[in-house]
Amino acid sequence: MVRMASWAASIILVQEGLEPNFQMVCRDRNRLAMQSDIMGAYAHGIKNVLCLSGDHQQFGDHPQAKGVFDIDSMQLISVIKNMRDEGKFQGGAVIHEPPKMFIGAASNPFAEPLEWRAHRLAKKIEAGVDFVQTQCIYNMDIFREFVKQANDMGLLEKVYLLAGVTPMKSVGMAKYMQAKVPGMDVPDDLIKRLRGAGKGKVADEGIKIACEQIEEFKEMKGVAGVHLMAIEWEHKVPEIAERAKVLPRPKVE
């Protein structure tokens, strides 16, 4: 879907005193444009970049658009790491002011085959990723197993893992995400719990479930934080953060 450019929105957030995660997708630009945008974003004070392959344009409002996909997210991670650590563009030219970006990537613990998810994470760490944001988590059993495997492999000592939390605001939303959203695992038990909350109380039950997840993540070895995604419910983020007792944010000196 067409939205404001991530670098532009990130600049606004920097001006407001916040620290955004600039998102870059490989769908829309070739490697020349992406390296150029990284330099431009860093020049405006943006310090974090999330590297994504990008959803195929067929799923959006411009299905006739041509995808670029010159490189994938794994290669993009490597390109930015080389720009930062070696001070060189992919073509070999020297960068006089290397972009000191904190590099992020996505991880989906629920994509098949499940046993390869941690190995996929290992490849991204090897490519140079510093932090990882997961897909929305609903199937806690599968996520616990993913974290255990990643811990056993020593991966979560090398990267900051942010667990994806998206509160359900309706039974309809839960059923849609279960049936229609690729890579999502919404257990029947969760839908049953939402439905059992009663009329007018489903949204609050969805927030309660999200807060319970956050409480578990606080104690889970290898989980560094949460990525709170209140989809089309953004105004609820402060309330959820307060109920989950993650405010005030700690100050970093």
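The values are calculated or read from the model by the stated rules, or taken from the named source; none is laboratory data. As the structure is a prediction and not an experimental result, all values here were calculated from the model. We place every Cβ from the backbone using ideal geometry, glycine too, and count neighbours over all the protein chains shown.
Worth pointing out:
- Among the residues of segment 121-137, the ones that are assigned to a loop (DSSP other than H, G, I, E, B) and more than 11 Å from Ser78 (Cα to Cα) come to 2 in all.
- Of all positions in segment 5-22, none carries a residue that is of a type in the set (A, V, I, L, M) and in contact (Cβ under 8 Å) with a residue 40 or more places away in the chain.
- Here Met173 meets the list (1) outside any helix (DSSP H, G or I); (2) closer than 26 Å to Pro113 by Cα almost entirely, failing just condition (1).
- Residues of segment 209-231 that turn out to be touching a residue at least 24 places away in the same chain (Cβ under 8 Å), of a type outside the set (Val, Ile, Thr) and either assigned to a helix (DSSP H, G or I) or surrounded by fewer than 13 Cβ atoms within 10 Å (Cβ to Cβ) (or both), as a count: 7
- So Pro113, is it under 30 Å from Gly206 (Cα atoms), in contact with a Lys or Arg (Cβ under 9 Å, 6 or more places away or on another chain) and either free of Cβ contacts under 8 Å to residues at least 24 places away in the same chain or surrounded by 15 or more Cβ atoms within 10 Å (Cβ to Cβ) (or both): no
- Some residue of segment 191-202 being in contact (Cβ under 8 Å) with a residue 60 or more places away in the chain and in contact with a helix residue (DSSP H, G or I) (Cβ under 9 Å, 6 or more places away or on another chain): no
- Options Asp61, Asp141; residue that is more than 30 Å from Gln213 (Cα to Cα), acidic (Asp, Glu) and out of contact with any Ser or Thr (no Cβ under 6 Å at 6 or more places or on another chain): Asp61
- With respect to the conditions (1) surrounded by 11 or more Cβ atoms within 10 Å (Cβ to Cβ); (2) at pLDDT 95 or above; (3) not small (Gly, Ala, Ser), Val237 lacks only one, and its number is (2).
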